[in-house]
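The next block holds one structure in the form of structure tokens; read it before the comments.
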Amino acid sequence: MGEEGGGRSCGTTRELQKLKQQALEYYQENDVPRRLEELLNSTFYLQPADVYGHLANCFSKLAKPPTICKVVGKNVLDGLGLPTLQVEIFCTIQNFPKNICSVVIATHFEVHENDSWELAEAEEAERLEAVSTAVQWVNETITEELQGLGPSSQAEVDQVLRTFFESKVQEDKERKELEKVLEDSTVPTPFPLMPPSPPPPPAKKKGQKQGRKDTLPEKPIVPPDPVEPVLCGSMAIGAVSLAVAKTSAILGNSPLYLNIAALKHRQVSDSLVFHTRTHEHVSTNESCFSFPLVFPLFQEQPTKLTIPLLMVTLVSCGKSSPGKLNLMKEVICIPHHGLTAKQGMAMLLEIQKHINRTIEVLPPLKAETKKGHNGGKKGQQQITGKLSHLGCLTISYDTIEQPLLLIQGICANLGLEMGTNLHLAIDCAAHELMDYSRGKYEVMMGTHKSAAEMVDLYVDLINKFPSIIALIDPLRKEDSEQWDSIYNALGSRCYIIAGTASKSISKLLEDGNISIPKSSGLIIKHTNQTTMSDLVEITNLIDRKKHVTVFGSTEGESSDDSLVDLAVGLGVRFIKLGGLSRGERVSKYNRLLTIEEELVQNGRLGFNEEHSFYLNEEAEKATEALEAAAALAGELPEAPQPIFPTEVVEESART
């Protein structure tokens, strides 16, 4: 018995010694003894009141950096009660999964208030399919693709998403080709048909004089380009990219706009980099241990950030409005560039308040009749207003001048000078106005204009209202010749901006050409497969081409305010969020005010430059000449520094 007991004792001792040796190797491999010694020594000198809280904080900094462990997609409702996509990011932090953040991305679908119920149901089904597919992509594939990646590895995450999306595009292409082959094999070959006989020549009008030449027929309109296809489920890519960027900001205790600004200026490492700092001597002011940084490392943080200039929609008189006027989908106010966002918003709220009062008590303002604008229409309707999905009032007007005269009169009563205290912009949404049966734009009910006549109309409008400094989508994108004409005629006096008339961000980056149609700037939106890297790349491209960037919201927005951080971080010129009503839009204006207050407190708020109108070809040639001169001198051109107003302007803006 004794021998057996002694044998078991020796075996237990050997196993214990083996475990001790393994423990020693494990702790030495992870540098635990040295770090514990440093931590205990520093804690003794610091004498913190909450010793275990201090130890917990120190150990948390020694922990492994967070990694993405799960991505969850959900079907939620946007501000109009329509389905859209929500994405949640879970990270493994100190061995436990934690829900870090969620974002909601808006869909790309437009809101058509006067559609028939058949069209509305068809679009609703298409929207639901897009959201359901996106949820499936996120929950089944994307979550596996991103597992183990650091949330601060934005470039790597975006590349994974891009590769996944390209595979889905290829799958969709192969599926359509297969469907076409099957369809061609089942459809019988039709008999050849005789070509239709040419139409008879038009009969002469009664009373037409003998020998009088007929007027030349108008040049036929360019048919609409095929709608750029949107892959069903593509919103999953943009939503996940944004969610990862927001996760990185939260984990780094940094606002999202600073992370985006760092990406914009190419001052963030493409992969997660961890730096440590080791202290050789014990100090009573700081602890003596190394810890990783779980947020992006800035090589050099931007010293100043500017708040984009507001583009606030005051009234809507577009195609869906009850009046005869169709041309002005949005009448937009832009506060003076020297005002803060808070000051500008207060001014616009006062104007909006007076508009609300005016439409309750006054009939429409009678505009001066002018050939090509009104032509003496009868039966003007009483002004009626309803809240649009754009966050502004939809008002019934019959002439082009009426909404402009309304705002002009209110500003005069408030002591504001148009063209000085604020400017106007018009979102024409010309693609909604084309009557293809006539080949003309229906600018007002019963009043049609050709593309060439539209150019003359805009020139007359700017001459009459010089406070208008921006025209958004004044023509269809297909009317490229007239885009050239309006740009050459008005480009030195106001911004000609392409919104719907422009291509998607993916196509713009693929082509590398933002000059079709010819314009002063573009409206960019974060939708579909647009990643954070894409937004940085497109804004850099727009900046290089000396165009202006407008960061816009979609028609069906959610209460998520992340796009405001994107606009500030990307350093865009304008931000277009709609009106100052509806919760999903007001939340974004509130976020803008919060960011401005943070920048003021940190002394990092920059001021916007004055409006500059010039033909982009001249600016591009000047830039190329400077770069060529620098290359000849053997020097690289330094990054252009922002030009802020003088001290006098700054002081007046602050007061």
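The values are calculated or read from the model by the stated rules, or taken from the named source; none is laboratory data. These numbers were taken from a predicted model, which means no experiment stands behind them. A quick note on method: Cβ atoms are made from the backbone with ideal geometry, for glycine too, and the neighbour counts reach across all protein chains shown.
If you go through the range 86-111, how many residues are in a loop (DSSP other than H, G, I, E, B), of a type outside the set (D, E, K, R), out of contact with any helix residue (DSSP H, G or I) (no Cβ under 7 Å at 6 or more places or on another chain) and under 20 Å from residue 123 (Cβ atoms)?
Residues meeting the conditions: 3.
Going by what's in this entry, would residue 536 be described as hydrophobic (A, V, I, L, M, F, W, C), part of a loop (DSSP other than H, G, I, E, B), within 20 Å of residue 507 (Cβ to Cβ) and in contact (Cβ under 8 Å) with a residue 40 or more places away in the chain?
Values: hydrophobic (A, V, I, L, M, F, W, C): yes; part of a loop (DSSP other than H, G, I, E, B): no; within 20 Å of residue 507 (Cβ to Cβ): yes; in contact (Cβ under 8 Å) with a residue 40 or more places away in the chain: yes.
So residue 536 does not fit the description; no.
Would it be correct to say that residue 152 is assigned by TED's automatic domain parsing to the domain that holds residue 84 and more than 29 Å from residue 80 (Cα to Cα)?
Numbers: assigned by TED's automatic domain parsing to the domain that holds residue 84: yes; more than 29 Å from residue 80 (Cα to Cα): yes.
Yes: the conditions hold for residue 152.
Here is a yes/no grid of residues against (1) under 28 Å from the mean Cα position of the chain (by Cα); (2) at pLDDT 95 or above; (3) not in a loop (DSSP other than H, G, I, E, B):
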| position | (1), (2), (3) |
| --- | --- |
| 370 | no, no, no |
| 379 | no, no, no |
| 390 | yes, no, no |
| 416 | no, yes, no |
| 438 | no, no, no |
| 441 | no, yes, yes |
| 454 | no, yes, yes |
| 459 | no, yes, yes |
| 469 | yes, yes, yes |
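What residue, of 38, 25, is outside the structural domain of residue 584 (by TED's automatic domain parsing) and surrounded by fewer than 15 Cβ atoms within 10 Å (Cβ to Cβ)?
On the way: 38 fails: surrounded by fewer than 15 Cβ atoms within 10 Å (Cβ to Cβ).
Exactly one of 38, 25 is outside the structural domain of residue 584 (by TED's automatic domain parsing) and surrounded by fewer than 15 Cβ atoms within 10 Å (Cβ to Cβ), namely 25.
Could you go through the range 228-235 and let me know if any residue there is out of contact with any Asp or Glu (no Cβ under 7 Å at 6 or more places or on another chain), at pLDDT below 50 and either assigned to a loop (DSSP other than H, G, I, E, B) or not assigned by TED's automatic domain parsing to the domain that holds residue 83 (or both).
First, the residues of the range 228-235 that are out of contact with any Asp or Glu (no Cβ under 7 Å at 6 or more places or on another chain): 228-230, 233-235.
Pick out the ones that are also at pLDDT below 50 and you get none.
There is no residue in the range 228-235 that is out of contact with any Asp or Glu (no Cβ under 7 Å at 6 or more places or on another chain), at pLDDT below 50 and either assigned to a loop (DSSP other than H, G, I, E, B) or not assigned by TED's automatic domain parsing to the domain that holds residue 83 (or both).
So, in the range 35-66, exactly how many residues are more than 22 Å from residue 95 (Cβ to Cβ) and not β-branched (Val, Ile, Thr)? Outline the logic, then answer.
Taking the range 35-66 as the starting set, the residues that turn out to be more than 22 Å from residue 95 (Cβ to Cβ) are 37-38, 40-51.
If we keep only those that are not β-branched (Val, Ile, Thr) too, we end up with 37-38, 40-42, 44-50.
Within the range 35-66, residues that are more than 22 Å from residue 95 (Cβ to Cβ) and not β-branched (Val, Ile, Thr) number 12.
Quick one: residue 307 ticks every box in (1) of a type in the set (Val, Ile, Thr); (2) at pLDDT below 95; (3) buried (at least 21 other Cβ atoms within 10 Å of the Cβ) bar one, so which box is it?
Single failed check for residue 307: (2).
If you check every pair at least six apart or on different chains, which have Cβ atoms under 7 Å apart with a residue in the range 331-342 that is in contact (Cβ under 8 Å) with a residue 60 or more places away in the chain and in a loop (DSSP other than H, G, I, E, B) first and a residue that is crowded, with 20+ Cβ neighbours inside 10 Å and among the aromatic types (Phe, Trp, Tyr) second?
Note: pairs meeting the criteria are 338/607.
Being under 23 Å from residue 470 (Cα atoms) and touching a residue at least 12 places away in the same chain (Cβ under 8 Å) narrows it down to one residue among 583, 512, 499; which is it? I'd like the intermediate steps shown before the answer.
On the way: 583 fails: under 23 Å from residue 470 (Cα atoms); 512 fails: under 23 Å from residue 470 (Cα atoms).
Answer to the selection: 499.
For residues that are free of Cβ contacts under 8 Å to residues at least 60 places away in the same chain and hydroxyl-bearing (Ser, Thr, Tyr), scanning just the range 227-269, find the one that is farthest from residue 156 (Cα to Cα).
Checked the range 227-269; the qualifying residue farthest from residue 156 (Cα to Cα) is 254.
Take the range 135-157 and flag every residue that is touching a Cys at 6+ places or on another chain (Cβ under 8 Å) and surrounded by 24 or more Cβ atoms within 10 Å (Cβ to Cβ).
151
With in the same structural domain as residue 247 (by TED's automatic domain parsing), within 23 Å of residue 75 (Cα to Cα) and in contact with a Gly (Cβ under 6 Å, 6 or more places away or on another chain) as the only criterion, which of 157, 131, 111 stands out?
Values: 157 fails: in contact with a Gly (Cβ under 6 Å, 6 or more places away or on another chain); 131 fails: in contact with a Gly (Cβ under 6 Å, 6 or more places away or on another chain).
Criteria check complete, one pass: 111.
Which one is surrounded by the most Cβ atoms within 10 Å (Cβ to Cβ) among residues in the range 561-601 that are modelled with pLDDT under 95 and in a loop (DSSP other than H, G, I, E, B)?
The qualifying residue surrounded by the most Cβ atoms within 10 Å (Cβ to Cβ) is 582.
Whether any residue in the range 403-411 is assigned to a loop (DSSP other than H, G, I, E, B) and over 19 Å from residue 580 (Cβ atoms) is what I want to check. Before you say what the answer is, go through the steps one by one.
Going residue by residue through the range 403-411, those that are assigned to a loop (DSSP other than H, G, I, E, B) are none.
Checked the range 403-411: no residue is assigned to a loop (DSSP other than H, G, I, E, B) and over 19 Å from residue 580 (Cβ atoms).
I'm told residue 427 meets every condition in (1) among the charged types (D, E, K, R); (2) at pLDDT 90 or above; (3) more than 27 Å from the chain's Cα centre (by Cα) except one. Can you identify the failing condition by its number?
With respect to (1) among the charged types (D, E, K, R); (2) at pLDDT 90 or above; (3) more than 27 Å from the chain's Cα centre (by Cα), residue 427 is out only on (3).
Based on what the data block shows, is residue 80 farther than 18 Å from residue 238 by Cα, outside any loop (DSSP other than H, G, I, E, B) and among the aliphatic types (A, V, I, L, M)?
The answer is no for residue 80.
Residue check: is residue 424 over 30 Å from residue 109 (Cβ atoms), in contact with a strand residue (DSSP E or B) (Cβ under 9 Å, 6 or more places away or on another chain) and either touching a residue at least 12 places away in the same chain (Cβ under 8 Å) or assigned to a loop (DSSP other than H, G, I, E, B) (or both)? Show your work before the answer.
On the way: over 30 Å from residue 109 (Cβ atoms): no; in contact with a strand residue (DSSP E or B) (Cβ under 9 Å, 6 or more places away or on another chain): yes; either touching a residue at least 12 places away in the same chain (Cβ under 8 Å) or assigned to a loop (DSSP other than H, G, I, E, B) (or both): yes.
The answer is no for residue 424.
So for the range 476-485 (the condition being under 16 Å from residue 330 (Cβ atoms), of a type in the set (Ser, Thr, Tyr) and in a helix (DSSP H, G or I)), does at least one residue qualify?
Of the range 476-485, the ones under 16 Å from residue 330 (Cβ atoms) are none.
Among the residues of the range 476-485, not one is under 16 Å from residue 330 (Cβ atoms), of a type in the set (Ser, Thr, Tyr) and in a helix (DSSP H, G or I), which makes the answer no.
What number of residues in the range 483-497 are crowded, with 21+ Cβ neighbours inside 10 Å and touching a helix residue (DSSP H, G or I) at 6+ places or on another chain (Cβ under 8 Å)?
Final tally of qualifying residues: 4.
Examine the range 183-195 for a residue that is assigned to a helix (DSSP H, G or I), of a type outside the set (D, E, K, R) and either in the same structural domain as residue 103 (by TED's automatic domain parsing) or modelled with pLDDT under 95 (or both), and state whether such a residue exists. Explain how you work it out, then say what you get.
Taking the range 183-195 and keeping what is assigned to a helix (DSSP H, G or I), we get 183-186.
Applying the additional criterion that residues be of a type outside the set (D, E, K, R) yields 185-186.
Narrowing further to those that are either in the same structural domain as residue 103 (by TED's automatic domain parsing) or modelled with pLDDT under 95 (or both): 185-186.
Looking through the range 183-195, at least one residue is assigned to a helix (DSSP H, G or I), of a type outside the set (D, E, K, R) and either in the same structural domain as residue 103 (by TED's automatic domain parsing) or modelled with pLDDT under 95 (or both).
Examine the range 45-55 for a residue that is surrounded by fewer than 12 Cβ atoms within 10 Å (Cβ to Cβ) and part of a helix (DSSP H, G or I), and state whether such a residue exists.
Yes: one or more hits.
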